[in-house]
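Reading through the structure tokens given below for one structure.
The values are calculated or read from the model by the stated rules, or taken from the named source; none is laboratory data. Just so you know, these numbers come straight off a predicted model, no measurement behind them. Cβ atoms come from the backbone with ideal geometry, glycine included; neighbour counts cover every protein chain shown. The accessibility values were calculated without ligands, DNA or RNA, using every heavy atom of the protein model including side chains. Shrake-Rupley method; radii C 1.70, N 1.55, O 1.52, S 1.80 Å.
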Amino acid sequence: MTPIVLTMTWVAFLLGMAWYIAVLDGLWAAAREGRQPRAPLANPLYRCATILRQQSNLTEAPDLLNWRLAPALYAGLAGTGVALVPFSSTNVLADLEVGIVWWGAVEALTVVVVFLHGWSANSQFGLIGAYRYVAIGLPVMLISMFVLIAAALPAESLAVPKIIESQRELWNVIRQPLGLPLFLLLGLSLSFRGPFNYADSADIAGGTAAEVSGAPRLVWEFARLAMLTAVATVAASVFLGGYLGPWLPGPVWLVLKTAAVLLVLVGLSHQLARISPSRMMTLIWTVLLPLSFLHLVWAGVLAL
């Protein structure tokens, strides 16, 4: 593909997967409420129209520049994460030898941007959501790094294309069965969904998005969908072989695997209950983080 075609494919992929997640959310919500879904494919359009009809809120003495900039930065980080993933063996937007390190930077900067979004609104609930997110997001980021480094060991490289090529004989999800489930927790955390919705939860009136409406709210909600897409795309590539597969073209396999991961993530976000922040912190630091470290040690032993 030429750079222009590759960029257009990247944009279409992000938009299409965001639409797919929104449709899945609508179907899950209808099933949970025991009602028949109405025009599920059009629900994202109705949601966009509803948000855009709202008047944009303005709190007292906000840091307006950062408050308005944070949703765009969040979406931009999601886009750079997807750019790391090749659509085929010869088509990748950002072919970096340190792709896993770049993804780690995306995770770290997401924590900063979400905190900035809650803090800059000069709102009590926004600030509470921001601090909650930082407390939960930082240890989950460590879990992600452990499992991604473990997945990179068979390839002896931090480049995402080389990690994919190392799975031609055996996917990493089979070599390292704990890696994918642990990494999926990151997807729920970075997009604050389901059991990891501590930034924008209902018990704090929407948290970092409590005072956001209109166009900024639409960008913020799209950014959350785009970030979930980025996590699913990286997971499909690092653990499920990405574009590798028989018969079908590489991009089709990537889309199918990403869609399957997103189906699991959306299902988990609707099925798993959220526990208190203190219990979640205890679970992460005493169970999940040590488990991810042992997973890395085991992967290192196998690689040796």
Got a sec to turn the phi values of the range 241-256 into Karplus ³J(HN,Hα) couplings, 6.51 cos²θ - 1.76 cosθ + 1.60 with θ = phi - 60°, whole Hz, x for Gly and Pro?
x, x, 7, 6, x, x, 6, 7, x, x, x, 5, 4, 4, 5, 5
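Could you work out the relative contact order of the range 216-291? I mean the mean sequence separation of Cα pairs under 8 Å and 6+ apart, divided by the number of residues, in percent.
Relative contact order, the range 216-291: 22 percent.
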I275, I163, ranked by accessible area, largest first (probe 1.4 Å):
I275, I163
Per residue of the range 81-86, what does 6.51 cos²θ - 1.76 cosθ + 1.60 with θ = phi - 60° give for ³J(HN,Hα)? Whole Hz please, x for Gly and Pro, Karplus curve as stated.
x, 5, 5, 6, 8, x
Considering the Cα trace of the range 130-191, what is its radius of gyration and what is Dmax, both in angstroms?
13.2, 44
Which of I164, I128, I174 moves most in a GNM of the chain, Cα contacts under 10 Å?
I174
Which whole-number percent gives the relative contact order of the chain, counting Cα pairs below 8 Å spaced six or more residues apart?
26 percent
Residues whose built amide H sits under 5 Å from the amide H of G242, excluding neighbours closer than 5 in sequence, are S237
The chain: longest segment with zero exposed GluC sites (Glu not before Pro), where exposed means DSSP loop plus at most 15 other C-beta atoms within 10 Å, is residues 170-304
Mind checking which of P277, S89, S166 is farthest towards the positive end of the chain's charge dipole, using Cβ charges of +1 (Lys, Arg) and -1 (Asp, Glu) about the Cα centre?
P277
The chain, dipole about Cα centre (Lys/Arg Cβ +1, Asp/Glu Cβ -1), debye to the nearest 20
640 debye
Ranking by accessible area, most exposed first, for V23, V112, V219, V134 with a 1.4 Å probe
V112, V219, V134, V23
Using θ = phi - 60° and the Karplus relation 6.51 cos²θ - 1.76 cosθ + 1.60, list the HN-Hα couplings for the range 172-187 in order, rounded to whole Hz, with x at every Gly or Pro.
5, 5, 8, 4, 10, x, 7, x, 5, x, 5, 5, 5, 4, 5, x
Accessible-area value, M8, 1.4 Å probe, nucleic acids and ligands omitted, Å²
130 Å²
Once ligands and nucleic acids are excluded and a 1.4 Å probe is used, how much of D95 is accessible, expressed in Å² to the nearest 10?
100 Å²
How many Å² of accessible area per residue for the range 3-303, probe 1.4 Å?
45 Å²
P(r) weight above 30 Å for the chain, C-alpha pairs, percent
31 percent
